[in-house]
Amino acid sequence: MEKISQGPRHRSGWSIVHSVRYCFLRAEFYKAALITLMMCAISNVYAQAYPDRPIKLIVGYAPGGGTDLVARLVGPYLGRALGQSIVIENKPGAGGSAAASYVSKSKPDGYTLLISSASSVSIYPALNAKADYRQNQFAPVSQITIAPLVLVVNKDLGVRSVSDLIKLAKASPGKLNYSSSGIGSGPHFAGVLFNEVANVQMTHVPFKSGSPAVISVVGGESQLTFATTPTVMQLIRSGQLTGLAVTSKDASPLVEGLPGMKAAGLVGYEIFQWNAIFAPAGTPPEVLNKLYAGIKAAMSNPAVKQSLETEGTEVFVSSSPEAFGNFLKSDTKFWERLIASGGIKAFE
């Protein structure tokens, strides 16, 4: 009896299996592609419609403070650029971290934004292991302002330059007190950096806000401070404080008559305060780009520039949300290094 070969039957069976598997995979591929196209379409439609209602801009400080002032100056112009009103909402508490925490947990739809400095977005989480948010819970949109601090000393200290201050600090290690608006504040870090670059040892005296820190220098309780321009310029002009320099490398147009740190003899020293706008992480890129375009248009208005300069800060807009994100990474490393070198443990 002739033996029938089974080979062709096996090959035919495998062909059927492969064909079914191929059809299944092909169907899955088209399904995934269709879902991707639908998501892109939905995202584009959402971005085109955005914003279709008012946007909340959350401020982590009470009305009247520096960040609140910037928000209220910029808000109307940003609203005009986006075609919707900007509602300023103050959520003070824990050095601005209460507002940051709130925004980090908000829906990432572009309707809840945070205006903040490095203090609450970068520094607070780095200082506080129990913080209920981290920097990666924010989507950076853009910086909007930048300003140096002003180094001032008590008028009776006998110091007229940065070099004089360094000589006095080296002659009396730990005896010069510098006041600040609190642990982890810009003025605090300005003092830490000064100690590091000048190789001196000055003692930090924290206050609850900037005004009492400045008053302590006027009264002689502290010998020096690093302060915002609006809080000290009139005191310098009236002779109640002696201004030595601004904390930028070069002189600032915001502060007439004072050198930058490089010209003052302290090469390698530079520290700024800035404000920026953030959205919750997960906000669609199309929405972030619309926000950025609105910010860029608002901040280019001459009236905004003039108003901010009157209050002691300059307009500074990032070149893109991605560029701001890259800056934020390097800036955070800068603050973290100062935290380590200054032995700063936590907010009080």
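The values are calculated or read from the model by the stated rules, or taken from the named source; none is laboratory data. Note that this is a predicted model, so its numbers are computed, not measured. Note that we place each Cβ from the backbone using ideal geometry, even for glycine, and neighbour counts take in every protein chain shown. Protein only, heavy atoms only, side chains kept; ligands, DNA and RNA dropped before computing areas. Shrake-Rupley method; radii C 1.70, N 1.55, O 1.52, S 1.80 Å.
Within segment 280-328, being open to solvent by less than 40 Å² (accessible area, probe 1.4 Å), touching a Pro at 6+ places or on another chain (Cβ under 7 Å) and either in a helix (DSSP H, G or I) or on the phi > 0 side of the Ramachandran plot (or both) holds for Leu288, Tyr292, Gly312, Pro321, Phe324, Gly325, Leu328.
Restricting segment 335-348 to residues that are open to solvent by 50 Å² or more (accessible area, probe 1.4 Å) and hydrophobic (A, V, I, L, M, F, W, C) leaves a set whose member that is modelled with the highest pLDDT is Ala340.
Taking the criterion of being open to solvent by 20 Å² or more (accessible area, probe 1.4 Å), closer than 24 Å to Thr67 by Cα, among the polar types (S, T, N, Q) and touching a residue at least 12 places away in the same chain (Cβ under 8 Å), the residues of segment 213-264 that qualify are Thr228, Thr231.
Restricting attention to segment 208-222, the residues that are under 22 Å from the mean Cα position of the chain (by Cα) and part of a loop (DSSP other than H, G, I, E, B) add up to 2.
In this structure, is Val232 assigned to a loop (DSSP other than H, G, I, E, B), of a type outside the set (Asp, Glu) and more than 27 Å from Pro140 (Cβ to Cβ)? So Val232 does not fit the description; no. Among the residues examined, Val200 does not qualify as surrounded by 16 or more Cβ atoms within 10 Å (Cβ to Cβ) and either among the hydroxyl-bearing types (Ser, Thr, Tyr) or within 27 Å of the chain's Cα centre (by Cα) (or both). Considering only residues in segment 265-279 that are open to solvent by 50 Å² or more (accessible area, probe 1.4 Å) and in a strand (DSSP E or B), the one that is farthest from Lys105 (Cα to Cα) turns out to be Phe272.
I'd like to check something: does segment 114-126 contain any residue that is open to solvent by 10 Å² or more (accessible area, probe 1.4 Å), under 21 Å from Lys290 (Cβ atoms) and either touching a residue at least 60 places away in the same chain (Cβ under 8 Å) or not in a helix (DSSP H, G or I) (or both)? Within segment 114-126 (the criterion being open to solvent by 10 Å² or more (accessible area, probe 1.4 Å), under 21 Å from Lys290 (Cβ atoms) and either touching a residue at least 60 places away in the same chain (Cβ under 8 Å) or not in a helix (DSSP H, G or I) (or both)), the answer is no, since none of the residues qualifies.
Taking each residue of segment 310-328 that is in contact (Cβ under 8 Å) with a residue 24 or more places away in the chain and within 28 Å of Val150 (Cβ to Cβ) and looking for partners that are open to solvent by 70 Å² or more (accessible area, probe 1.4 Å) and in a helix (DSSP H, G or I) with beta-carbon atoms closer than 7 Å, six or more apart or interchain, yields Glu311/Pro230; Gly312/Pro230; Val315/Lys305; Val317/Lys296. In segment 69-97, the residue that is most open to solvent (accessible area, probe 1.4 Å) out of those that are out of contact with any strand residue (DSSP E or B) (no Cβ under 8 Å at 6 or more places or on another chain) and at pLDDT 95 or above is Arg80. Of all residues in segment 225-251, those satisfying the criterion of being over 27 Å from the mean Cα position of the chain (by Cα) and hydroxyl-bearing (Ser, Thr, Tyr) are Ser238, Thr242.
If I ask for residues that are of a type in the set (Val, Ile, Thr) and closer than 14 Å to Val246 by Cα, which ones from segment 138-188 would you list? Show your work before the answer.
Step one: of segment 138-188, the residues of a type in the set (Val, Ile, Thr) are 141, 144-146, 150, 152-153, 159, 162, 166, 183.
Correct list: Ile146, Val150, Val152, Val153, Val162.
For segment 155-173, name all the residues that are in a loop (DSSP other than H, G, I, E, B) and in contact (Cβ under 8 Å) with a residue 60 or more places away in the chain. Walk me through it before giving the result.
Step one: list which residues in segment 155-173 are in a loop (DSSP other than H, G, I, E, B), which gives 155-161, 172-173.
Within segment 155-173, Lys155, Asp156, Leu157, Val159, Arg160, Ser161 meet the criteria.
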